[in-house]
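Read the structure below first, then the notes.
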Amino acid sequence: MITSADARILILLVRDTLEGSFSGKSSEESLLVVKDRDKERFSRKQGVFVTLHKHDELRGCIGFVEPVYPLYEAVVRAAQAAAFEDPRFAPVAEDELGEIHIEISVMSVPKTLEAGSAEEYPEKISVGRDGLIIRKGFRSGLLLPQVATEYGWSSEEFLEHTCWKAGLPPAAWKSPEATIMTFQAQVFKETAPGGSVVEVM
C-alpha cells in the first residue's frame, strides 16, 4: 500500500524530474540524484502511470503496465515519457510547468479476466475499482480505473472505449481472440500545481 506520505514523495519526484529535464538532465541522470532513502523505500517493482493535466485537460499520460522497474525508477521514467514522449501531444514546455497538475497511478499486477462467454465480461468488471487492458492480435489498449468514473461509463462502455484506445472496433472485446485483463490502482493527484496531494481512489 502507498501511503499519503509516500505519494507526496513520488509526486515531488515527478516534478523534480520534469524541472531537471529543462536543465538538460536525462532520466538516467535524474535517477542518480534520487535520495538513497527513497530508493530503499520504493525499491519494490511496480507498474505505474504518470498523468499530467493542464487546466483540467489531459497533457500527457504514459507508464508501465508490468512491474519491470523499482517504483522510484518507474516514476522517473514515466514522468519524462508523459511530458516529452506522448505522441498525442507536443512536448511540455518549461513555461507550462507552473500550470501542470501531476497524478500518479500505482498499479497492481494485471490479471486475465475469465468468463464462460463474452456476455459475462461486463458483470465481472467493477467500474471505479478496475482498470482495463484489451489485447487482440498486435493491438493493445489500456484505460486506468479513474477514466471510467470520470466519464460515467457503464462496464460495457468501458470495454468499448478500451477497444477504441487499442485501435479496435468497439465490439472487439466480444471476440474469442481478444484477451481482457483487469488491474487496480492507487491514484493520487495534486490539488493544484505543486500543491497538496490527495488520494483519488
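Things worth noting here:
- Hits in segment 90-124 (condition: surrounded by fewer than 17 Cβ atoms within 10 Å (Cβ to Cβ) and in a strand (DSSP E or B)): K111, T112
- Within the set R59, R77, the sole residue that is under 14 Å from the mean Cα position of the chain (by Cα) and part of a helix (DSSP H, G or I) turns out to be R77.
- Check on V34, buried (at least 17 other Cβ atoms within 10 Å of the Cβ), assigned by TED's automatic domain parsing to the domain that holds P193 and modelled with pLDDT of 90 or more: no
- Cβ pairs under 6 Å, 6+ apart, first in segment 83-95 and free of Cβ contacts under 8 Å to residues at least 24 places away in the same chain, second assigned to a helix (DSSP H, G or I): P91/F84
- Test: R135 is basic (K, R) and part of a strand (DSSP E or B): yes
- Of note, L142 does not satisfy the criterion of being outside any loop (DSSP other than H, G, I, E, B), of a type in the set (A, V, I, L, M, F, W, C) and over 13 Å from F183 (Cα atoms).
- Of residues in segment 65-75 being of a type in the set (A, V, I, L, M) and in contact with a Phe, Trp or Tyr (Cβ under 9 Å, 6 or more places away or on another chain), the one surrounded by the fewest Cβ atoms within 10 Å (Cβ to Cβ): V65
- Options V127, V198: the member that is under 27 Å from V75 (Cα atoms), outside any helix (DSSP H, G or I) and touching a helix residue (DSSP H, G or I) at 6+ places or on another chain (Cβ under 6 Å): V127
The values are calculated or read from the model by the stated rules, or taken from the named source; none is laboratory data. Keep in mind the model is a prediction, meaning the values are calculated, not measured. Positions of Cβ are generated from backbone atoms using ideal geometry, with glycine treated the same way; all protein chains shown enter the neighbour counts.
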